[in-house]
Amino acid sequence: MHVISSPSILYFGTPVALISTENEDGTFNLAPMSSVFWIGWRCHLGLQAISKTVENMRRTGQMVINLASPAQVGAVDRIARTTGSNPVPDDKIKRGYYHVKNKFETAGLTPVPSETVTPPRAAECPVQMEAVLEHEHGYDQDGPLGGYIAILEARITRIHVDETILMEGNPNRIDPDKWSPLIMNFQEFYGLGPKLHTSRLGEIAEELYRTPDFDRAHQTRLLAD
Ligand SMILES: Cc1cc2nc3c(=O)[nH]c(=O)nc-3n(C[C@H](O)[C@H](O)[C@H](O)COP(=O)(O)O)c2cc1C
């Protein structure tokens, strides 16, 4: 039997990403987030507009989207209620947030240089996606939430993958039996269980999903060039 329910949040379970961006003084920020979905070699990230991450993305147009696995759960939780913003916005003070300047260090994660963007990758994360900001979209533009949330469309320029999650003999396919995202389910952390069923969708060749962004990424100049 179903009953009417009104949960205050609707976090029904999404993968956790750690976004690295460059601060105005050349240091780097790192922020956990999970309101992200993927289409082609792009994603849309939903972030509170007052976050340091959004400020940095708007200014530099660059980021790295690091995907966490269950092995990084401690690192994610260590920076869970922190912000790179100083002073801490009122809204975050109410929820017990505090300022941390070097979140890589607090998390215990290692920054390593990226190849196409300035913000570093988090070495321990099995998937690291370098990306550029392409567009910003509206969220309740004419309503009371206008300006409160930023919907940022990022285009991937380079992907680094831990070889242990790749399909045997195929460096361009992630093996879903080996990759397990860290999931934020409401405000708690979970992992994925084993595969449940074979998939008819899984019979389609992955190459058929390629978009022009795929070729564009492979023509992207390296920072070192
Ligand atoms: C697992 C997890 C998921 C989160 N998901 C989001 C999210 O999707 N959007 C968002 O605005 N904040 C999210 N947060 C909160 C941000 O991490 C928080 O706003 C943080 O202060 C951002 O850091 P910054 O101000 O240094 O950019 C999440 C936090 C955790 C721990």
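If you filter the stretch 61-152 for trypsin sites (Lys or Arg not before Pro), then keep DSSP loop positions with at most 15 other Cβ within 10 Å, what is left?
Arg81, Arg95, Lys101
If the cut-off is 19 Å between C-alpha atoms, which lysines fall inside it for Lys94, apart from same-chain ones fewer than 8 positions away?
Counting by Cα, and skipping residues close in sequence, Lys94 has these lysines nearby: Lys52.
Express the accessible area of the chain per residue in Å², computed with a 1.4 Å probe while the remaining protein chains stay in the model.
Computed with neighbouring chains in place, this is 59 Å² per residue.
Modelled label-to-label distance, Phe37 and Asn185, 7 Å Cα→beta-carbon offset: nm?
2.1
Loop-only check: which GluC sites (Glu not before Pro) in the stretch 1-94 are DSSP coil with at most 10 other Cβ within 10 angstrom?
Answer in residue order: Glu24.
Using the per-residue mean of other Cβ atoms lying within 10 Å as a proxy for protection, in what order, highest first, do the peptides 82-91, 213-222 fall?
82-91, 213-222
Okay, helix-only estimate at 222 nm for the chain: each DSSP H run of n ≥ 4 adds -39500 (n - 2.57), divide by all residues, round to 500 deg cm²/dmol; what do you get?
-3500 deg cm²/dmol
For the chain, list log₁₀ I(q)/I(0) at each q in 0.08, 0.10, 0.13, 0.15 Å⁻¹, using the Debye formula over Cα point scatterers of equal strength and ignoring solvent, two decimals each.
Log-scaled intensity ratios, in q order: -0.31, -0.48, -0.82, -1.10.
Taking Cα centroids, how far is the stretch 1-38 from the stretch 128-160 in Å?
Using only Cα atoms to place each centre, the spacing works out to 12 Å.
Could you calculate the FRET efficiency of Ile93 with Ile159 from 1/(1 + (r/R0)^6), where r is the beta carbon distance between them and R0 is 41 Å, rounded to 0.05?
According to the calculation, E is roughly 0.65.
Can you grab the distance from the C-alpha centre of the stretch 52-108 to the C-alpha centre of the stretch 179-225, Å, no decimals?
Computed from Cα coordinates, the inter-centre distance equals 23 Å.
Please give the peptides 61-67, 138-144, 184-190 ranked by average Cβ packing (other Cβ atoms within 10 Å per residue), highest first, as a rough proxy for protection.
Ranking the peptides 61-67, 138-144, 184-190 by packing returns 61-67, 184-190, 138-144.
The values are calculated or read from the model by the stated rules, or taken from the named source; none is laboratory data. Since we're looking at a predicted model, the values are computed, not measured. When we count neighbours, we look across all protein chains shown, and the Cβ atoms used for this are built from the backbone with ideal geometry, even at glycine. Calculation scope for accessible area: heavy atoms of the full protein, side chains included, ligands and nucleic acids excluded. Shrake-Rupley method; radii C 1.70, N 1.55, O 1.52, S 1.80 Å.
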